[in-house]
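The values are calculated or read from the model by the stated rules, or taken from the named source; none is laboratory data. It should be emphasised that the depicted structure is a prediction, and the values quoted were computed from it without experimental measurement. Here the Cβ positions follow ideal geometry from the backbone for every residue, glycine too, while neighbour counts run over all protein chains shown.
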């Protein structure tokens, strides 16, 4: 894109045409044929030193905002259309024929079109913000869909369709666009709205995984002497959930993760259903939820604690209730079936317990499918790993997936974690959850308005 002297006549014409609904900064390069359409309550902010080439259209619908920061370059014949909001960060570039639409037609369902109108807009629209962070470059003929964030410094290859968010310092390409490689990006301004993903865990002690804690035990510069006595100062949650949280933060350092571990030792599905209900009544919302239960439902029966045992029919009822409730306040649910029992009794007794637990796990898989949740089978890989370890050499013989036949050892945690991470990678779960949720356009305007308030004139 070449620069030229600011076309003051274009800027003056646009200011006169749109009045306070349009803000244009200093030293901008605007073409005579730039088409700007602003509906009632809409606002467009163009920062300083912005270059826009010929044939481009900027369309801001009722109440929405488009904010173009300083030193942004927009190529020929681009189309920007907002019903919620679009933000182009400082120094980013849109090449020719780039299309940014932060909204989509809703499906023509009976609920959306109850009177059967046949106009194209009868079903209404869903909307969610598009955020292009500072320094990002969008190549020719790229389409970016509602809710997507393209991270700072990232480069999107020509002809891509960006339907899910791209992290910073990333080269992405394809239909749909996916990361091809990452690089050490230049320093850019800190984003105004750093995303936080809320991740909830509801389950038993396998999720809770308490460990005793003393600060001296983790201070490498001041470890206690071998044989010394230390005081347990408290309990920390560790295990696979803690390790997953660390992995997410390391893999996605541009995101924040609000980890809420509601695991409870000894809990049956009856207990966990109560925990879920109490939590959701507080208004809690989640981007991602892991739900796992059943091992204590079965174990209590074999322990002779019949009053605490939960039969299969009741278990299914609790699962259905929890999934129905969680579906309303969570974007994605993963049902994790229970790991098998290890050597806590005679082999025949353990085999019977696992046979019964398999029935509960099968019911969990069916419930997950019925509620549109993802299902992760860890029973089968645990069974296989335990068989191979039992048949191995001396080193394998001393390794176990369990610390006591129910709770997991470090090896068991590592195996469970591996399968959880594989599931998240296979479905690009975190990438998808970086997208802003699409909402009915009026709800979207209300929900996302704070993201754009700094770019709109403040009331006197």
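Restricting attention to region 186-206, which residues are surrounded by 18 or more Cβ atoms within 10 Å (Cβ to Cβ) and part of a strand (DSSP E or B)?
197, 198, 199, 200, 201, 202
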Flag for residue 334 being at pLDDT 95 or above and in contact with a strand residue (DSSP E or B) (Cβ under 9 Å, 6 or more places away or on another chain): yes
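If you go through region 141-159, how many residues are closer than 29 Å to residue 441 by Cβ and surrounded by fewer than 24 Cβ atoms within 10 Å (Cβ to Cβ)?
5
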Filtered residues of region 346-392 (kept if in a loop (DSSP other than H, G, I, E, B) and either within 19 Å of residue 206 (Cα to Cα) or outside the structural domain of residue 297 (by TED's automatic domain parsing) (or both)): 377, 378
Residues of region 320-353 satisfying the condition of being surrounded by 17 or more Cβ atoms within 10 Å (Cβ to Cβ) and under 21 Å from the mean Cα position of the chain (by Cα): 322, 323, 326, 330, 331, 332, 333, 334, 335, 336
Lone qualifier among 27, 48, 32 - being over 26 Å from residue 186 (Cα atoms) and in a loop (DSSP other than H, G, I, E, B): 32
Given (1) surrounded by fewer than 16 Cβ atoms within 10 Å (Cβ to Cβ); (2) touching a strand residue (DSSP E or B) at 6+ places or on another chain (Cβ under 9 Å), index of the condition residue 14 fails: (1)
Which listed residue, of 171, 241, is modelled with pLDDT of 95 or more and either assigned by TED's automatic domain parsing to the domain that holds residue 418 or over 30 Å from residue 72 (Cα atoms) (or both): 241
Test: residue 274 is surrounded by 19 or more Cβ atoms within 10 Å (Cβ to Cβ) and assigned by TED's automatic domain parsing to the domain that holds residue 415: no
Unmet criterion (only one of (1) surrounded by 15 or more Cβ atoms within 10 Å (Cβ to Cβ); (2) modelled with pLDDT under 95; (3) farther than 21 Å from residue 241 by Cβ) for residue 356: (2)
Neighbours by Cβ (under 6 Å, 6+ apart or cross-chain): first from region 245-263, not assigned by TED's automatic domain parsing to the domain that holds residue 293; second loosely packed, with under 15 Cβ neighbours inside 10 Å: none
Scan of region 129-157 for residues that are assigned to a loop (DSSP other than H, G, I, E, B) and under 17 Å from residue 178 (Cβ atoms), ordered by number: 136, 139, 142, 145, 147, 148, 151, 154, 157
Residue that is without any contact (Cβ under 8 Å) to a residue 12 or more places away in the chain and either surrounded by fewer than 23 Cβ atoms within 10 Å (Cβ to Cβ) or within 28 Å of the chain's Cα centre (by Cα) (or both), where the choices are 99, 115: 115
Residue 54 being within 26 Å of residue 443 (Cβ to Cβ) and in a loop (DSSP other than H, G, I, E, B): no
Answer residue from region 70-83, given it is closer than 17 Å to residue 137 by Cβ and buried (at least 23 other Cβ atoms within 10 Å of the Cβ) and is nearest to the chain's Cα centre (by Cα) among those: 80
